[in-house]
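Notes follow the structure.
The values are calculated or read from the model by the stated rules, or taken from the named source; none is laboratory data. A quick note: this is a predicted structure, and the numbers were derived from the prediction, not measured. As a convention, Cβ positions derive from the backbone with ideal geometry for all residues, glycine included, and neighbour counts pool all protein chains shown.
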Amino acid sequence: MRIFLALILLLTLGAARDPILVPEVSQHEIQVRQGFTGTELLLFGAILNPDGTRAARSYDIVVVLKGPVRSIILREKAKVAGVWINADSTEFRSAPTFFAVASSRPIKDIVDDRTAAIYELGLPWLQLSPIGAIDPAEQTRFSAGLVDLMQRQTLYQQNETAVTVSAGVLYQARIKLPSTVQTGTYTAETFAISRGKVVAASSTTVEVRKLGFERFVARAADQQSLWYGLFAVVMSVAMGWLAGRLFALI
Amino acid sequence: MDVYLPIANLSVNGLVIVGLGGLMGILSGMFGVGGGFLTTPLLIFYGVPPTVAAASAASQVTGASVSGVFAHTRRGGVDYQMGGVLVAGGVLGTLVGAGLFRILQELGQIDTVINLLYVIMLGSIGGLMASESVQSLRAMKTGRPLPARKRRHHPMVANLPFRWRFYRSGLYISPLAPLLLGFVSGILTMLLGIGGGFIMVPAMLYLLGMSASVVVGTSLFQILFVTMIATMTHALTTKAVDIVLALLLLIGSVAGAQIGAQFAQKARPEYLRLALAAIVLLVALRLALGLGFRPDEIYAISPL
């Protein structure tokens with residue numbers, strides 16, 4: 001009996017050690033319509049003990065927002081006979097169209113490289129799935145090139161001060177999405193990390209979609225390309241003609 | 001004024017795009033060039049994806065040329081017969097150009113080929129025009145007229161079989177020559193996303209020897225049809241025509257084309273030609289430097 005009680009106590013204690021994450025996103029749907037210039041997503045939530053009390057220890061929070069992945073070919077320019085041309089190339093099967101990491105402290109102070117690589121915590125740990133066998137050095141060069149290019153377009157971000165934790169309970173992170181974001185399903189993952197270990201993780205999705213006129217145009221261009229093209233031609237001819245008539249009157 | 005472009009997936013300042021269209025329209029009306037050779041690079045510079053830029057610029061050139069064709073028709077500046085032959089060649093050229101485009105795209109060398117073509121053509125044509133207009137300007141200054149230029153077509157053109165009479169152009173030549181010219185410009189339209197006017201105008205003047213009064217109007221007429229076909233080809237194959245972008249460019253360019261056409265009638269043709277030569281040479285120089293200097297972006301992404 002005593003052993004049994006001790007066991008229960010141990011179990012509950014053990015459970016109590018793993019906190020729960022209650023994450024939320026400011027918008028579950030981002031509407032891309034006329035005048036869209038990008039948006040700011042607020043990812044917030046609470047970290048609690050299972051019994052609802054404030055977590056005894058302080059945790060580090062890392063938030064990862066990842067856009068839909070696509071297969072790409074990445075070309076590298078080199079100078080050949082005095083002219084810069086595309087020389088080398090490699091293919092990646094799963095390059096995210098958007099990737100943002102926000103944390104409260106530099107990632108390298110929170111977890112070791114191995115854990116960071118497993119959970120994709122940080123831009124150096126992106127899993128891009130290169131196609132074909134290429135040597136690691138070359139692969140690293142290409143992925144660094146891709147990350148650098150996307151980072152300058154603010155489509156890849158790593159902000160190590162973007163998460164604030166108040167009173168050890170509430171955390172919040174802001175991630176900016178530029179107007180060039182692709183439509184699709186984005187996943188927002190939140191990790192609570194303590195002593196280099198991920199103790200709680202939770203994920204939610206954000207849908208980016210075109211609406212109204214933008215959605216209509218994108219669909220027409222894709223599915224009714226003949227009519228779309230004809231419309232573009234008729235529109236340009238009509239506008240040119242109209243201007244001609246108007247100016248003839250003047 | 002922020003406008004979201006649904007195909008380019010990007011938000012731009014609408015007024016900048018309208019202004020850009022207006023500038024191209026003025027060039028188009030003044031010189032009979034489509035202005036595509038400037039629109040496409042400027043749009044890419046502004047952040048619009050290259051394919052979308054080329055596809056949408058084509059429809060802008062259509063609008064500007066309609067406007068220009070009307071302006072020139074009013075003063076009888078279009079040789080429809082010659083234009084028809086050029087268009088026929090242009091259609092064939094567009095189809096061949098679309099095939100070439102795909103091959104080069106698969107090889108990953110389309111950008112380099114486009115840039116090299118631009119540099120070679122703009123450089124040589126700009127140089128030719130500049131030296132000619134400088135000569136005629138010097139002649140004007142000294143008061144000594146140049147030996148009257150014999151408005152003659154190139155000897156090679158004269159050797160072609162079957163001759164047709166092109167009354168408005170004042171020519172009695174084989175239709176094969178303009179057909180070939182149209183064919184070349186069709187290929188260039190597809191590859192470079194331009195109307196090809198800056199090649200057509202000098203070629204019509206110096207190779208075919210057309211009467212100068214119908215050159216600009218007829219060139220615009222040909223550009224009109226070739227760009228219409230190019231827009232359709234893009235809509236069906238690359239699906240990269242952004243109607244919102246095209247509309248913004250059109251608003252500016254149709255108005256600009258009218259202003260340009262009116263200006264062209266007042267300005268002295270020698271100065272006009274020198275100004276166009278200067279613009280063409282500047283663009284060529286910029287592109288040539290771009291080929292030689294280390295580019296800002298070493299890496300480029302394209303979807304698989």
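The single residue among A:Glu214, A:Glu189 that is surrounded by 15 or more Cβ atoms within 10 Å (Cβ to Cβ) and within 7 Å of chain B (Cβ to nearest Cβ) turns out to be A:Glu214. A single member of B:Leu23, B:Leu86, B:Leu15 is more than 13 Å from chain A (Cβ to nearest Cβ) and closer than 26 Å to A:Val217 by Cα, and it is B:Leu15. In summary, A:Phe36 fulfils each of the numbered conditions (1) in contact (Cβ under 8 Å) with a residue 40 or more places away in the chain; (2) surrounded by fewer than 18 Cβ atoms within 10 Å (Cβ to Cβ); (3) not in a strand (DSSP E or B) with the single exception of condition (2). Here region A:19-33 is the region considered, the condition is being in contact with a Leu (Cβ under 6 Å, 6 or more places away or on another chain) and assigned to a strand (DSSP E or B), and the residue that is farthest from the other protein chains (Cβ to nearest Cβ) is A:Ile20. Each residue in region A:73-85 was checked for being loosely packed, with under 14 Cβ neighbours inside 10 Å and at the interface with another protein chain (Cβ under 7 Å from one of its Cβ atoms), and 1 of them qualify. Taking region A:107-207 as the region of interest, the helices (runs of 4 or more DSSP H) fully inside it that hold 2 or more residues being more than 12 Å from A:Val62 (Cα to Cα) and within 15 Å of the chain's Cα centre (by Cα) are A:136-152.
Could you please let me know if B:Gly47 is surrounded by fewer than 24 Cβ atoms within 10 Å (Cβ to Cβ), within 14 Å of chain A (Cβ to nearest Cβ) and modelled with pLDDT of 80 or more? Against the criterion (surrounded by fewer than 24 Cβ atoms within 10 Å (Cβ to Cβ), within 14 Å of chain A (Cβ to nearest Cβ) and modelled with pLDDT of 80 or more), B:Gly47 qualifies. Please verify whether B:Ile279 is of a type outside the set (Gly, Ala, Ser), buried (at least 16 other Cβ atoms within 10 Å of the Cβ) and more than 21 Å from the chain's Cα centre (by Cα), treating the condition exactly as stated. The answer is no for B:Ile279.
To keep it simple, each residue is scored yes or no on (1) assigned to a helix (DSSP H, G or I); (2) among the hydroxyl-bearing types (Ser, Thr, Tyr); (3) over 21 Å from B:Leu188 (Cβ atoms); (4) within 18 Å of the chain's Cα centre (by Cα).
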{"site": "B:Tyr4", "(1), (2), (3), (4)": "no, yes, yes, no"}
{"site": "B:Val12", "(1), (2), (3), (4)": "no, no, yes, no"}
{"site": "B:Leu23", "(1), (2), (3), (4)": "yes, no, yes, yes"}
{"site": "B:Leu38", "(1), (2), (3), (4)": "yes, no, no, yes"}
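Within region A:164-188, residues that are touching a residue at least 60 places away in the same chain (Cβ under 8 Å) have Cβ atoms under 6 Å from residues that are among the acidic types (Asp, Glu) in these pairs: A:Arg174/A:Glu40; A:Lys176/A:Glu40; A:Thr185/A:Glu207, counting only partners at least 6 apart in sequence or on another chain. So which residues in region A:166-183 are closer than 30 Å to A:Pro50 by Cα and surrounded by fewer than 18 Cβ atoms within 10 Å (Cβ to Cβ)? Correct list: A:Ser166, A:Ala167, A:Gly168, A:Val169, A:Leu170, A:Arg174. Any chance region A:62-72 includes a residue that's surrounded by fewer than 15 Cβ atoms within 10 Å (Cβ to Cβ), modelled with pLDDT of 85 or more and of a type outside the set (Val, Ile, Thr)? Within region A:62-72, one or more residues are surrounded by fewer than 15 Cβ atoms within 10 Å (Cβ to Cβ), modelled with pLDDT of 85 or more and of a type outside the set (Val, Ile, Thr).
Results for (1) within 11 Å of chain A (Cβ to nearest Cβ); (2) closer than 19 Å to B:Ala261 by Cβ; (3) modelled with pLDDT under 85, shown as yes or no for each residue.
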{"residue": "B:Pro202", "(1), (2), (3)": "no, no, yes"}
{"residue": "B:Leu205", "(1), (2), (3)": "no, yes, yes"}
{"residue": "B:Met228", "(1), (2), (3)": "yes, no, no"}
{"residue": "B:Ala235", "(1), (2), (3)": "yes, no, no"}
{"residue": "B:Lys239", "(1), (2), (3)": "yes, no, yes"}
{"residue": "B:Val244", "(1), (2), (3)": "yes, no, no"}
{"residue": "B:Leu250", "(1), (2), (3)": "yes, yes, no"}
